Every structure is written in C-alpha cells, then in structure tokens.
Amino acid sequence: MNKLLVILLVPIFLVGCKKGGDLFENPDPNKTGITFTNTLTPSDDLSILDYLYFYNGGGVSIGDINNDGLPDIFFTGNQVKNKLYLNKGHLTFEDISSSAGIEGNSSWNTGVTMADVNGDGFMDIYVCAVVGINGFNGFNELYINNGDNTFTESAAQYGLDFDSYSSNASFFDYDLDGDLDLYLLNHAVHTQNSFGRFDLRFERRYETGDKLLRNDNGKFVDVSEEAGIYGGVNGYGLGLAIADFNQDGYPDIYVGNDFHEDDYYYLNNGDGTFTESLKKYFGHTSRFSMGNDVADINNDGRPDFLSLDMLPEDEVALKSSEGDDNIQTQKLRVDRYGYHYQFTRNMLYVNQPDGNYMETALMSGIAATDWSWSALFGDYDQDGMQDIFISNGIPKRPNDLDFINFVSNDQIQKKLDNTKLVDQEALNLMPSGNVHNYIFKGTEDLMFQDMSNKWIANDTLISGATAMGDLDNDGDLDLVTSNINHPASLYINKASNKGNYLKIKFKFTKKNTFGIGTKVFSYQNGGLQFKELFPTRGFQASSEPLIHFGYGNIQHVDSIKIIWPNKTFQVIKNVPVNQTLTVQPENAKPFNYKSLHKKGKPLFTPVPNNLGFDFTHVEDNYTDFNREKLIPYQVSDRGPAFAMGDINGDGKEDLFLGGSKFIPSQIYLQQDSSFVASRFDAISKDSIKETISAVIADFNNDRRNDLFTSSGGGDFFGESEALLEAYYLQTDSTFSAMELPKFFQNSSVVRPFDFDGDGDLDVFVGGHTITSKFGAPATSHLLENDHGMFRIFKGFTVKGMVTDAVWDDFDGDGHTDLILVGEWMSPKFLKYQGDSFAESNPLDVKGLWQSIKPFDIDGDGDTDYLLGNWGTNSKFKASKKYPLKLFFNDFDGNGQTETVTALEKNGKYYPLESLDGLASQLVFLKKKYNTYREFAGKTMEELFGSELLDNSTLLEVNTLESGFLRNDNGKFNFIPFGSAMQVSPLTVFATGDFDGDGQTEALAGGNFFGIKPYHGRLDSFPGALLNSENDIILGNELGLDFTKKSVRHLGTVTLNGQVYLLAIFNNDKAQVYKINN
Amino acid sequence: MKERLSLLAILLMVFTSCKKEPEQIVITSEEYHKSVDKVIEVMIHDIFSPPVASRIFAYPNIAAYEIIAKKNDHYKSLAGQVHDLTPIPDPKAGDSINFELAALVAHMDLSKKLIFSEDRIESFRDSLYSIWANKNETLFNASKAYGLEVANHIAAWMDKDNYKQTRTMPKFSVNSEEPSRWQPTPPAYMNGLEPHWSKIRPFAIDSADQFKPAPPPEFSMEEGSDFYKEVREVYEIGKDISSRGDESEEVAIAKFWDCNPYVSVTRGHLMFATKKITPGAHWIGITKIACRKDNADMAKTIYAYTKASIAIADGFISCWDEKYRSNLIRPETLINEHFDDSWEPILQTPPFPEYTSGHSVVSGAASTALTDVFGDNFAFDDDTEIPFGLPVRSFKSFKEAADEAAISRMYGGIHYRAAVEVGVTQGRDLGAFIVNKLDMTKG
C-alpha cells in the first residue's frame, strides 16, 4: 500500500520539478523552503590568504527534533546565521531558526552533529566553531532540546564550550558505560614552514589538539592524555570516522589529517585507552585527508572505509596542480622526519581478517574525484551494494602551479607587506575548481562505476558538508549538501520504486536513546550486509540516525542480527522488506565478538627463531629515478636471488641468498635442527655484484653442486664487470669463479635445463634492461654447457625485458620447451628445433609480466600457466583498444635516451609525468610551454609531434591483470583473476601441496615499491593460496604476513621431517613459516 | 675605413631613396642597459637558479662584445682567450653595418635562446626593430643580419659547453647516513640544484677546481670543535639579530643581499613564490650603475658587462665545484636538530650545499672585475633592489660591497663563517686571475 502510494506520487512529483538526474532529483528551494545559503564574503582581512580553511564550508545535520517521524535539517553558517528547518512532510520545510533559538553566536561555525546528549528522548544539537584566529569569537554551542521546538544553549553546563579551532565532533560511547562521550576534532593552522618531526603530535595544544571527552554524569571531562589521544600543533583534522574497525565491541576512531601530518588510527583497548596503530595496519594513506566514511562495501561483515583527498580527474586540472612529492622529499619525510607514506588521492581501505587494510581506490575507480569534501556510503539504488556520494569543489585552487610560480609573483609581490598579504586581484587569478559532485554505483568485486551526471545532474556548485536521511519517508536515502554561495541542494532519491529496502531505527537505553554504536547484520538469500550506526559521517555533518539496507528484488530478509552497544544481541527472523523497523532491546543476550568471524587454525605460523635463518635483505640506496628520471618504475630492486640445493653434499638442502650492490651474498647450511650461515670467500669476494637470480646445481657432473648467478641492479652501466653473471665451480668444498661469456646488461632469471640432451645442464639467462637505456631491449641468452664450461648457443635470440622463464613441455610432445615472460611483451613459447628455437602459440597479451608457473588451475589434467602481472591498482591503464605506451628515443638530441610513458584518457594519450617531471630531462618543454596551463591537457602528439613519436621505439602493454593461460587442448587463452589478485604486482608463484589435501596448490606473493610517489606504494597484496580457479584464499586468512612487504621468492624446505615455507622479501627480513597440515 | 664606407653607403641611399630619407641609427648604452634589464626581468619570471642565470648573462654579452671589438680598435677579441671561442665572422664585404645595432641584436637573440618566455624578449625586440627599420631599413637589415650571424656563431660555441648534457645527469642523491651531508631544507625541501655545474666548460679559468678552496672545518658536533663553534655562531647571531628586530642593520644587510630567485611561501594549500634577482644579476645591476656613473659609452658598457659576467659565470663554476665536493649540511638543518627545532634563518636557505658561499665567491669575483674596469674606490649608490621593496645602500668601493654581500649570508643564517670568508677570497683570486688573463683593451 505504502509503495503504491509512492508510485502514484512519483509522477506528480516529477511534474513539479524537472531538475535532477535519473536517480536523484533536486527540488526547487522555493518549493521546499530550504533556501539556506552559506554565503562567504571575503574581505581585506579574511580570505583564503588569511585563513587556510576559508573555503571548507559549513555543516549540515539531519535528525528528527520534534519526534514527529519527519527528519529535520540543521545548517551551520560560516559567516551567516545557523538555520533549522522543520520537516512538514511532502518535502516542504519551515524555517524555525529564530524561534528555536539556534542561530548561534560564534563568528565562524563549522561542523554540526545531532545526538540526544541528555537522554531525554529529544535530539540535541552540537555546533562547532573556530575561535581565536582571524578575530573569530564565540565557542562551540550545545543546543539542548526543550521538547517544544525551542532549544537552550548549554555548552558551558556540559563542559563543551570550547573556544578552539574545531571542525567536527562525534558523540559515541567509547567506554561502553551507557552514556555518550564526545570526540572533538580540531584543526591546526600551523603555517607549515617546515615539517617538523612527527613527535610534535605528542605535545598537547589546546587550540589545535583533538580531544576525547568522557561523559561523567552530564559533565564532559577531557581524558585525551590518559586515553592516548594526540593533541598536537600539526593535526589538521578534517576527517573523523568512528567505527568498531577491529570488531571487538569497542568503537575505534580514525582521524584524517590534512597536509603532512599522518592520519591517526586509534584502536580502543577496552580499558578507557586507545592505541594509535596507523603504521601497523596501513601501508599508506591519503595525504591531504579530507572527509571520510565507513561501510562494508564487499559484504563480508567488516567495516571498510574511504578517505578523500584532492586528486583531479580532469587532465588540465591534474597537470596544472601541485601533485605528489618527488621521491627524495618523500624519503626525507618518511625516513628523517618519521611520517608515514601519504599520497595525494582518495584511498579505499578494505578491512582484512588480520587487521590490515587492502587499499584499492585506483583499481576500484574512485581515486580521483578532485577537491573532495564529504563521502557518504549508502545503497542509493537499493541493489544490495553500497554506493558512494562525494561532494566537491573549491572556489579557488590555491595549488595551481601557474599561480604558485608565476602569477603570484607579479601580483602578490607588490602587495607583500612583511608576511601579511591581501589582494583581491591575486585571488581572482587563481583558477576556480567548481567540480561537479560525484556519485558511484557499487558493484561486485570492489569495483565502482561512475554514475555522476546520470544518477545526479551535473553541477557547478561548491558542495561541502553532506548529510543523509529519508526526508520524504519513502524508504530510500536522500541527501542534503551545504553549498558555498548557493542554496543548499536537496537530492531526493527515487529508488524506492526500483529496489526493496529496510529502514531500522533504535530505541536503546536511557542515555543513548538512538542507539549510537549499534551493529546490524542482515542475512538474505545466502548474502550478508553489515552496518553500524554512527551518525557523524562524511565531513562536518551528521546523518539521520537510522540503518538502511537495499535488497534489489529480494522480498524477505532471512534474519536481522542486532548487536547493541552494550555487547548484547537479538535476532529478528523473516523480515518483510519495504518497512521501517523500530527496534528496542528485547531478550538481548550477551554477544561473543570472537564468534563473529570464524577463524580456523592458520595453515602457516611464523617460526619465532626463523630456524636460524636470520637473513635480512638490505637494498642499496641507489634510486633509479635520480638518473633515469622518466622511467615508469625502478629496475634496481629486483633482488635478492634465492636458490636451494645441497651445497656441502650432506644430503640436506642449503640456502643461497644474493646480496644487493656491495653486500656479499649469503649461504646458510642446513644442520640437524637449524640453518647456519657459512662463508665462501670466492663468492663473498664478488659482493660488488647485485645478484638477482641463482641456481645451485652440478654443472660439471662431478657430483658436487656448483652455483650460477645472474647480476643486475640497474646502477652499473656500460661494460662494467659488475654486470657479468657469475659461475662458481665447487671443488673440495671450496668454490672457484669460472669464466663465462660476457654480456653487459641487467639480467633477470636463471633457469637451467639440458635442452640439447647431451647430459649436462645448460642455462637460460634472462636479459631485463640496459642501464640508462630503459626501453632498449636487453638480450636473453642460452648458455650451452660444454664439459662444465659455458658458451653462447647461437641458435637462440630473444630480445625484450624478460623477468621469468620456465622449462616445460607445454604441448605435451615429450620435449621440454621454454616459456618466457617479461615486461612490455607477451609470453613467448619457444620450441627447440635442433639448431634453433622457434616461437609457437603466439599470444597478444602484452603485460608487465613478473612471474610464470605451470599449474593445472582448472583441474582438467593439462598444464595451465599462472602469470603474475602488474595488477590494476596503479595509475597505469591498459586495454587492447588503449594500450599503455612507452616511447623510447633521444627526444632532445643530447645523446641521452629518454622514456616517456603515456596513458589514454577519453580516447587520447597524455604523458604520465608532469611538466616539471618531463622538463627535468627534456628542458625544451619549458621553452615550448611557458605556463603549466599551456602544457596541461596537451596530448603526446601535441607535446612531441607525431614525427618524433613515430620515430621512437614504442613499447606497449595491453593488459595489466594477473591471471592464467588456460590450456584449451593445446591452445592458450588468458583468463584474468578476480580483483583481490589485482591489487599489486604478483612477483612469484610456488606450487606444492601446502594444505596436505593430496592436491597441488599454488601460493602467490607480490607487492612492489619501486615506483614514484604519484603511483603510491603497491603494498596491499596479502598473498594467496590458489586451490583452483574459483577457490582462492587470501594469505591473511592463512597466517601469512605479506601485506606491506615485497615478496620475491617462496619456497618450501624440509627440516627434520617438517615442511617449512620460506618467504624472501626485498629489503626486509626473510620469514620462515611452519606449515600446519 | 669601415666607417667611411658605411657613411658612403648611407649617403648613396639618401640620394637614391625617393620615399623617406634614411637616417643614421644611433644606439646608446642606455638601450643596451634596457636589453640587459629585460633579460633580468624575464629571468625572474621564468625562474633560473643562480648558476644557470650566470650563463644566461655571459654568452649574450660576449656576443655583443665580439662585435664591438671587430669595429672598435680599443678592444680586443676574446677569441683564443676564453676556452674554444673562435673569431666571429666578418661582415659581408660591401655591407654597411651599424656595429652597435648588430651587438644589441646579437645580445637579444642569444638571450632569447637562453630564457624560456621568448615572447617577452620578442615584443621588446620587435618594438626596437620597427623603430630602426623605420629609420633606415637597409642599414638595419644588414646590421641585423650580421648580429644574427654572430649570435649563431656564439650559439654554436655555447652549445658545446656541456650544458645540455648536464640537464640529464643524475639528481643529487640525499640518501645517506653521513651526518655532514647536505639535506634538503624547509619549506620546499627542494632537491640540490645543479649538482653537475662543475662539468660546464668554464670561460677563462683553466678548470672548475683551479681555485679549489681549503676544505671547511672538519665536521663534528662535539662541543668545542671548530665546526661546532661555527654552527653555534650562526645560531647566536641569528638569535641576537632577531631579538633586535627587523630594523637592525644586520637584517637590512641580509635582506638587501638575499638575491634568492625563488623563495617559496606556503600557507595551507595556498602556495606562492616570492622571486628576486640572483646574486649574479645583482652584480650585473651594479655594473649598470657604474657604467652610468662613469658615463661609459656603448663599447665600454659592453666591455664592463662582459668582464663582469665572465667573472660571475666562472665564479659559479668554481663555487659549485666545491659545493658538491664538500656536500656540507646547512646551518638550519643542524641548528634545528641540535639546538632549537623552531629556529628559522632570517633568509630562506637556498637548495644546495653550504660550502663555499655562492654569493661570496661571485661578489669577490665580480667586484674584482669591476674594480679593474672602473678603478678602486669607485663609490656608488646601489639601488638594484628597489623593485623588491628594499632601500638604496651606498658603498665606497666594489670591494666594500662584496665584503658586505659575503657577511650578509651569515646574518641571514644560511652560511657558516668559513664559507663566507673563504668564499670571498676564492672569488677575489679567481677574479684577479681572469682580469690578468683576459687581454681585452689596447694601450
């Protein structure tokens, strides 16, 4: 009946208002009565030049202040009075601001949140203010609801009348004592002349420091210090999210800080204290962190979250705005000043079973939404997946590079009066950033689809704080944005006639009447959805205190499990959709949080003493980007080499680990119960070499194992001896270095095989790159063994950036063939033809391949090949239609080659690098483009001319996905893995029966850090066990700790009858895992 | 003889032209000053580091000088005197040439090649061109052609100075555990500028390390060590000056000689740069002041600019050679680390290693060159910094100005004493060598 009414009403409604998108309509302010405009009036004394957050906008909050079932709307004004609109139904509102007594007395109001602070069943309102700078007066105001549509300002009485630089606040019960405590978010105004060390955050400062306030019988007491909450001078707090991130029943806190200060991730210890744990669980974060929001986006029952930043999507804005740090500044900030890795883009953190976060914003398609303020997750189209609304825009872009470098000088300089600047003219010269609001449709597999300008109308407004609620009580989620210099926008959702929904409200105990902190698990059709009620969300805003689920076509929800903030729970079974439930505790039983996610015994457990294998790989500090400034990624960090074999002839497998440049390689000999490092002078002597790959085998058939290693490192160049491979013959338990054919390049993999069947082991040596000539093909070699001495087999010519190889009979003809993979190339199948090798099964899957492993993944009895690629979670983009391109040429004719990487955007190719990046190697571009704006938006052709591009060596990649080559009766088809396998480069696969089920599985490792800050860090892959095509278990469920580490090798070794997994990382300590099968 | 021929040509034209009577084109030293000022203006806009800026001054001046030396018997060509410079071509036989005009054309053309924002030079040039063409098209065209021919000759020589190659050489790596090694400084934490400048071909000095100074005091933050004392001194001076406020003489001196082409200012997301002339440009400005006071003619003006700019350019090569040899850490980094984490220098620390002070070396070199041209005790009022809101300062001699420029870096909190004292000596020795070596005037 209800629904019918809605259906009937919709067409009528449509007639009245045409503005909007397919899903959301924007009713006319004159019809709704909501005319609130956050008018900003810059003056000589107050503008973005004086106050860094001049454009952050006001706040907005949705809540039912008169308990009539219709949610009302509260707006704060920066320079104008606050407004309260009473919802009269049918989307009409009455302005009761004046009679309600909430217009406010502070000079500059910011965030606002509603909560029933005194537990009388009526919604109270807390308004934050910035006080004490720029002549701003006042204090944070707490409006206690009198129950008759009037309010009494009572902040002082409650101890909440702070006169500091507040941006937002959230009421929640952190100590589970039943009443609502408060987290107050303040922002720094530090003029960032220097980073300062990270430990500035430990020195409390009243004006700028965040505060945790414990509710002691209606009086809020500052417990920040004892609770372990930072309150320093450089916490630019703009984002605040409360959620029980680690699902132990106690709410945790995430604070997003702007600028160089790290975000804070406070895990609630349950004893009134918190432990800040950002570095432990996050590989990297957004840099200019703005608003954020929490929701379970992959329906695994865990809270995930999104933190916004300001990376432009638009090519012109992108290339004319200040971007990420250069790599040296980043190192300085991290290594010297103690900050964490931060990058300028949105971050989507997917909560993992081991507490780590998998960061997928680039892969998920939501990394770049420009100058973004508020993010709100909601199932806007009610299909069962969370969607995202992101508000957007800045009136003036102060990070415009032309402004920074050129305009400002001529215009501001003259007005420069010591450090005080005032110049309207200068302001006018900053480009505006009236970027439209974004909306994304959530889909399966962590992917989001941009529905901006479809679901919502395109706009040119500056929208900031956003609140969510069901304003017309039709069951779906509506939105309100506070806009600068424009009436607030109502986004009225029309989804309720599309998918089914459930709205849940709570009546909890006396001091937390709306049940803040309540968790809801919805089980339907074998699926799960999870939500947690914390109304302060997004940015400077709070939303209607309700839980909303969308269900698509599902008519009945099997059960709803409600876990109350006091760790009790109740279950409601068989719930019909399309209704609003109001739930209060009834027969609630204690909830055991340990039962929330089933945890079996992990397959892998770290061995505390590593069995004596105390190897730590130390990468030398050579930075490729200092020399080859434009290469897309480093090649100097591909080590260490790793090989297993019996070196001392005792029948036990020993370990060889290659050192990086100037660091000797290591050999660990297996003893009865441990490994012991042993020194071999002939090998240590060659420490200058960076050893990339190694093989222990008997090459001269004397029954003693010898050693063959390849060298690389990307630093040595020309005919440097350090680039040569090494071959050590073992005689009488000493090694002696033997001569090898000389080829000077950075080599990669070494794979031995007796390809000519003459009874001795020949060796394939992969060629990767030529130092300082990234893009020029290296040559791979096949070394033919002639009585223990090697010579180049002439019948073998392969050029390209080979990274891995395998000798395997791919066509089942009984002869072993060679399969190669590499970067900017397709896998190559090579068949030995007696005097030469012939390529067969040509494929067109050009990738940045890192690894290959034979494995029957589909269990059909023939051999498929696992292929590790770059993944899709970086700024690279590639498809068959629009491959990633790399142009290699001497672009400026100075005798030195350059590589320029180009990406497709809207059908055209643009360089990946900025003008300053390109000009650091190609000075002529600075002469050609005198301003950043002239350069911005120029295609590759416009920048370099098609003739120069045509004459360049062109390398391409048309897939970045990892996957496998499926053997379809001898024909190979590439099948990509799902998205969890695409978050990072997959650098290695190992096969074996790890879980003891009698079947062979494959274990994958990955992650790679040799990239510039504009890419970030590819650190999110937790490892994975591949049972079959559709049965892949991530490593964080298996006890593996691979996140934030760059895995290079995985191997198993048996010691005393027990099988162990060895995980070897680049620039990190190796780890031995016991396999518990 | 040459002059007589051109006079004859002009006379011929006067008689043959029936439209407008061709006039003589008179180029004064003021027009040359304007051209130099224009280049400085564009350099400020485009942002060039001090060493690169010094190169942009030198080549156009040499081109102009070589043309003047062709005509004026009082001046001798630098061909064979500076490295690899060959004699410029003669004008085409029979062409009548205004050499001053040709010199100015060459100066503008080479300058245009060296800066980024060409249109700014072009609009200045084109307005001059139209005036000259209007006065005497034939003479203008021939002189312009000759000026451009010489500019090309100089450009070919210039292109072989290794500048292009140094553009693609590795960045300075700051990854090091070495506590004495230079680190990027606040607020912009820029990479070390021009780590390979010593590989640029010098003009007059034999090699970049010919005037290699004694090493700085041995690095040690042990209390009482020479180095520690120097760090402490910078800290104490800074505290003392700051306590006396912006009106103190030391602050005035520091700011007057700041000459930082890119001071970055950050306020939240708002960033901008305040830009000034480089140390080299300041001394080019002093050269202009001296020329005017001396009533120097066009030829002497170009001679003075040329000698000064060679001294400045070689000064930077010599100084940068030492900077990236000693790779010494700036006072700001050490003071923040050891004494006071909120201490800020009065001037923004420029982005390259500390030892020796570039301004000191260059001031030593330039002042020696100018003393050679204009004599010692040449008093002048330095109004170079007026466009940047700074007052006029008066000096009794070039030497006095150089001494003040040197010590200003200590007041500014960006150099230790050794860098300043050794630096100015390094510059004077280098200047004296250049003055001795270059035989530019007759009689």
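Observations on the structure shown:
- Given charges at beta-carbon only (K, R positive; D, E negative), |dipole| of segment A:518-595 in Debye: 280 debye
- Applying 0.36 nm per residue to the separation of A:ASP300 and A:GLN671 and subtracting their alpha-carbon distance, the gain on full extension is 129.1 nm.
- Shape category assigned to the protein assembly as shown from the gyration tensor of Cα positions, a/c cut at 1.5: oblate
- Across segment A:882-991, C-alpha contacts under 8 Å between residues 6 or more apart give a mean separation that, scaled by the residue count, equals a relative contact order of 24 percent.
- Pairs from the list A:LYS831/A:LYS853; A:LYS331/A:LYS661; A:LYS279/A:LYS441; A:LYS331/A:LYS1074 with a Cα-Cα gap above 24 Å: A:LYS279/A:LYS441; A:LYS331/A:LYS1074.
- B:GLU30-B:GLN210 FRET efficiency (beta carbon distance; Förster radius 35 Å; 0.05 resolution): 0.45
- Cβ crowding within 10 Å, taken as a proxy for footprinting-reagent exposure, orders B:CYS319, A:CYS128 from fewest neighbours to most as A:CYS128, B:CYS319.
- Note on B:GLU218 and A:ASP248: with the Förster distance fixed at 60 Å, the Cβ-Cβ geometry gives a FRET efficiency of about 0.60.
- Relative contact order (%) - segment A:543-648, alpha-carbon pairs under 8 angstrom, separation at least six: 15 percent
- Highest-first arrangement of A:789-796, A:1011-1018, A:585-592, where packing means the average Cβ count within 10 Å: A:1011-1018, A:789-796, A:585-592
- Karplus (6.51, -1.76, 1.60) ³J(HN,Hα), θ = phi - 60°, over segment A:706-719, in Hz, Gly and Pro reported as x: 10, 9, 10, 10, 9, 10, x, x, x, 9, 5, 9, x, 9
- The distance from the alpha carbon centre of segment B:73-120 to that of segment B:304-375 is 30 Å, rounded to a whole number.
- Modelled spin labels at A:ALA697 and A:ASN621, positioned 7 Å past Cα toward Cβ, are 3.9 nm from each other.
- Inter-label distance for A:THR582 and A:GLU934, nm, one decimal - labels placed 7 Å from Cα along Cα-to-Cβ: 6.7 nm
- ³J(HN,Hα), Karplus 6.51/-1.76/1.60, whole Hz, each residue of segment A:266-278, x for Gly, Pro: 9, 8, 6, 7, x, 10, x, 10, 10, 10, 6, 9, 4
- If the segment from A:ASP1031 to A:HIS556 were pulled out straight at 0.36 nm per residue, it would be longer than the present Cα-Cα gap by 168.1 nm.
- Straight-line cross-link reach from A:LYS846 at under 18 Å between alpha-carbon atoms covers these lysines, not counting any fewer than eight positions away in the same chain: A:LYS799, A:LYS828, A:LYS875, A:LYS877, A:LYS880, A:LYS881, A:LYS885, A:LYS971.
- Restraint check, B:LYS293/B:LYS399; A:LYS594/A:LYS1069; A:LYS938/B:LYS199, Cα-Cα greater than 28 Å: A:LYS594/A:LYS1069; A:LYS938/B:LYS199
- Separation of the A:ASP862 and A:ARG197 label points, Cα + 7 Å toward Cβ, nm: 6.4 nm
- Rounded, prolate or oblate (a/c below 1.5 giving rounded, otherwise prolate when a/b exceeds b/c) for segment A:884-956 by Cα gyration tensor: oblate
- Estimated FRET transfer efficiency when R0 is 35 angstrom, pair A:GLU947-A:TYR882 (beta carbons, to 0.05): 0.95
- In order along segment B:137-154, the phi-based Karplus estimate (6.51 cos²θ - 1.76 cosθ + 1.60, θ = phi - 60°) of 3J(HN,Hα) comes to 4, 5, 4, 4, 4, 5, 5, 4, 4, 5, x, 5, 4, 5, 4, 5, 4, 5 Hz; Gly and Pro are listed as x.
- Extension gain for the segment A:VAL316 to A:LYS742, taken as residue separation times 0.36 nm less the Cα-Cα distance, is 148.5 nm to one decimal.
- Global form of segment A:518-595, assessed from the alpha-carbon gyration tensor, a/c cut-off 1.5: oblate
- Arranged from fewest to most other beta-carbon atoms within 10 Å of their beta carbon, A:HIS187, A:HIS260 become A:HIS260, A:HIS187.
- Pairs spanning more than 22 Å between alpha-carbon atoms, out of B:LYS113/B:LYS255; B:LYS164/B:LYS307; A:LYS454/A:LYS498; A:LYS211/A:LYS1044; A:LYS507/A:LYS531: B:LYS113/B:LYS255; B:LYS164/B:LYS307; A:LYS211/A:LYS1044.
All of the numbers you see were taken from the coordinates with simple rules; none came from a lab. From a predicted model like this one, the values you see are computed outputs, not experimental measurements. Note that we place each Cβ from the backbone using ideal geometry, even for glycine, and neighbour counts take in every protein chain shown.
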